[in-house]
Structure formats: structure tokens, C-alpha cells
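Structure, as C-alpha cells:
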């Protein structure tokens with residue numbers, strides 16, 4: 001009797017867990033909008049606001065003695081300057097748009113000839129920009145890092161330690177979906193039909209304004225009309241607005257023509273829309289498949 005009761009309890013628990021997993025929109029993990037761009041310590045006089053002979057220090061110095069100490073993008077953005085001057089030496093400036101605000105990050109005193117990105121390049125958070133050096137007005141190897149909100153320099157420390165996080169980035173955990181769809185009605189109705197099969201077998205309705213995971217899409221062979229697979233059934237494409245997830249590629253990766261297929265091409269760092277998901281792989285368009293482990297996916301919206 002006790003054994004049977006225990007089995008029933010375990011089955012009930014599994015059923016409840018399964019129901020909740022079906023109702024959710026995918027688990028995710030939060031990340032910081034800005035990360036520390038290099039490893040090392042802040043030397044004496046290297047904090048934001050410390051007095052210097054030329055005035056207040058507008059950045060944060062990060063120092064270490066490694067021969068090739070990488071400098072990485074603190075946040076995703078666009079290169080607005082990649083150059084050399086007598087004050088900052090070799091330096092890079094990135095612009096960022098986060099939660100409706102404009103930000104700028106500056107990376108100065110880089111190692112001679114180490115800059116990896118240039119004007120107009122799009123970079124992703126954590127992408128290699130170059131290496132720590134001592135070029136320009138510098139007395140030792142370090143990174144001079146500045147963060148500006150609009151045109152105003154601010155203390156970078158609370159941003160890179162997560163105390164201030166203007167827009168936490170949510171990374172999507174793989175669940176065989178590659179987009180979400182918002183239900184709309186081209187006729188002004190309040191519901192959209194849910195079909196058991198592509199183009200046939202109405203099994204219910206979904207309310208206008210509802211947002212659902214997309215597992216796939218298929219064409220109705222008789223008409224060529226596209227339908228979206230939302231799990232319990234299919235909806236006509238005219239009744240859904242697709243919002244693709246986005247794949248963040250931090251460095252160049254090898255892609256394949258299908259899941260576990262043959263090598264397709266090398267994909268450069270950047271942000272790409274997802275167009276399919278299968279067996280732990282994402283399709284980034286044009287039969288460009290990548291493993292989930294190769295990328296970070298941001299669910300949209």
C-alpha cells in the first residue's frame with residue numbers, strides 16, 4: 001500500500017512540473033548591461049574622481065602585468081573611434097543604446113598595434129577589442145576605462161559590478177523555440193482560430209494580444225499559406241506577428257548546413273535573428289545552423 005501511494009505521489013509531482021513547463025515562456029538567466037572590460041586591480045590614484053595634475057580623473061584604471069592581457073567590450077555597441085593620439089595612445093570608443101539612453105565607453109592606452117575593431121564595426125559584449133598596453137600619456141601597463149551617460153562621464157564601477165544595471169540582458173535557455181508570436185486579428189475580432197493541423201481541424205481559439213512560443217512553421221500545400229506551430233496547434237500567419245529571438249555571436253564560429261550536418265561557412269561576430277530550432281541547434285537563416293552552446297540567445301520581446 002505504501003509503495004503504491006509513493007508511486008502515485010511521484011507521478012502527481014511529475015505531472016505538475018510538466019504542466020508548469022508547458023505554460024511558461026522559457027527559462028532564462030539575467031546578465032549585466034556592462035561588464036568589467038579587463039582583469040586586474042585599480043592602482044592608487046586610478047579611481048574615478050581621483051585628483052590628477054590635469055584635473056579630476058574621469059575613468060577607472062585597471063592594471064596587471066600580463067604580456068597579453070585582453071580588453072573586451074563592456075557592452076554591445078558600435079565603434080565610433082579606433083585611433084591613436086598623444087594622450088590616450090591607442091584607444092577605442094564604443095557607442096551604446098540601452099533602454100532608450102545613449103552611453104559611451106572608452107578604452108585607452110592599448111598595446112601598440114593590438115586594436116581588433118575599427119570605425120563602424122558592430123561589437124558584442126565580451127568581444128575582444130585589443131590588449132592592455134602603456135601607449136600615450138601612461139607610466140605603466142593599464143587600461144583607462146571611461147563610461148559616459150550621454151555626454152557626461154560617470155563612475156564605471158557601480159555599472160560593471162552590477163549595482164547599477166540599466167537594462168539586464170535576459171539570455172534564453174534552449175527549449176526548441178526560436179521566436180514568439182503575438183496574436184492579432186486582421187478583421188478586428190478578439191480571437192484567432194487554433195488548428196490541429198496545418199489549415200484544418202479547428203480545436204479552439206487564442207485571444208488577441210496573447211504571446212506564445214513558436215516551435216516551427218509550415219506551409220499549407222493546397223494554398224501555400226504559412227502557419228505557425230505554437231505547441232498545442234497551428235495559427236494562420238495573418239493572425240500572428242512574429243518576434244524572432246536574437247543570437248549573439250561573440251567571436252567567429254563555424255556553422256553547418258543542418259543540425260550535425262556538414263560545415264557551411266564561418267560566421268563573424270555579431271547579432272543575428274533566429275529562424276528555426278531543432279535538437280539543440282539554431283538556424284540563423286540561409287541554412288546556417290549553429291549549436292546552442294556556440295551562442296547566447298536573447299528572447300524577443
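Nothing in this text is a laboratory measurement; each read-out follows from the coordinates by a stated rule. This is a predicted model, so every value here is computed, not measured. In this analysis, Cβ positions are derived from the backbone assuming ideal geometry, glycine residues included, and neighbour counts consider all displayed protein chains.
Expressed as a fraction of 2.2 N^0.38 Å, the rule-of-thumb size for a compact globular protein of N residues, what is the C-alpha radius of gyration of segment 51-165?
Working: Rg = 13.4 Å, N = 115, 2.2 N^0.38 = 13.4 Å.
Dividing the Cα radius of gyration by 2.2 N^0.38 Å gives 1.00.
Please arrange 115, 52 by how many other C-beta atoms lie within 10 Å of their C-beta, fewest to most. Present the calculation step by step, with values, prior to reporting the outcome.
On the way: 115 20, 52 10.
The order, fewest Cβ neighbours first, is 52, 115.
Counting other beta carbons within 10 Å of each Cβ, put 122, 177 in order, fewest first. Could you put the intermediate results ahead of the total?
Numbers: 122 15, 177 22.
Ranked by crowding around the Cβ, least crowded first: 122, 177.
State, to one decimal in nm, how far the label point of residue 225 lies from the label point of residue 118, with both points 7 Å from Cα in the Cβ direction.
Simple spin-label model gives 5.2 nm for this pair.
How much length is gained if the chain between residue 54 and residue 268 is pulled fully straight, taking 0.36 nm per residue apart and subtracting their Cα-Cα distance, in nm to one decimal?
Details: separation 214, 0.36 × 214 = 77.04 nm, distance 4.10 nm.
Value of the extension gain: 72.9 nm.
Rounded to two decimals, what is Rg over Rh for segment 166-246 when you use alpha-carbon atoms and the Kirkwood radius?
1.02
Compute the semi-axes of the equivalent ellipsoid of the chain, taking the square root of 5 times each eigenvalue of the Cα gyration tensor, and list them largest first in whole Å.
Values: eigenvalues 443, 100, 75 Å².
For the chain, the semi-axes come out at 47, 22, 19 Å.
If the viscosity is 1.306 mPa s and the temperature 10 °C, what translational diffusion coefficient in µm²/s does Stokes-Einstein give for segment 27-114 when Rh comes from Kirkwood over Cα pairs?
On the way: Rh = 14.7 Å.
Here the translational diffusion coefficient equals 108 µm²/s.
Going 7 Å from the Cα of residue 184 toward and past its Cβ, which residues in segment 238-253 have a backbone nitrogen under 17 Å from where you end up?
So the set is 238-245.
Could you list 289, 178 in order of exposure, starting from the residue whose Cβ has the fewest other Cβ atoms within 10 Å?
Numbers: 289 22, 178 27.
Final ranking by Cβ density, sparse to dense: 289, 178.
To the nearest 10 degrees, how steeply does helix 2-23 sit against the main Cα axis of the chain, on a 0 to 90 scale?
70 degrees
Using only Cα atoms, locate the centre of segment 46-79 and the centre of segment 212-238, then give the distance between them in Å, rounded to an integer.
Computed from Cα coordinates, the inter-centre distance equals 51 Å.
Rounded to the nearest 0.05, what FRET efficiency is calculated for residue 253 and residue 134 with R0 set to 30 Å and r the Cβ-Cβ distance?
Working: r = 33 Å, r/R0 = 1.09.
With R0 = 30 Å, the Cβ-Cβ based efficiency is 0.35.
Evaluate E = 1/(1 + (r/R0)^6) for residue 218 and residue 173, where r is the Cβ-Cβ distance and R0 equals 22 Å; express this FRET efficiency to the nearest 0.05. Could the numbers behind the result be given before it?
Details: r = 25 Å, r/R0 = 1.14.
Here the calculated transfer efficiency is 0.30.
So what's the projected area for segment 121-226, the Cα convex hull averaged over all directions, in nm²? Write down the numbers at each step before the final one.
Details: hull surface 53.5 nm².
The directionally averaged projection comes out at 13.4 nm².
Convex hull volume of the Cα atoms in segment 245-298, per residue, in Å³?
63 Å³
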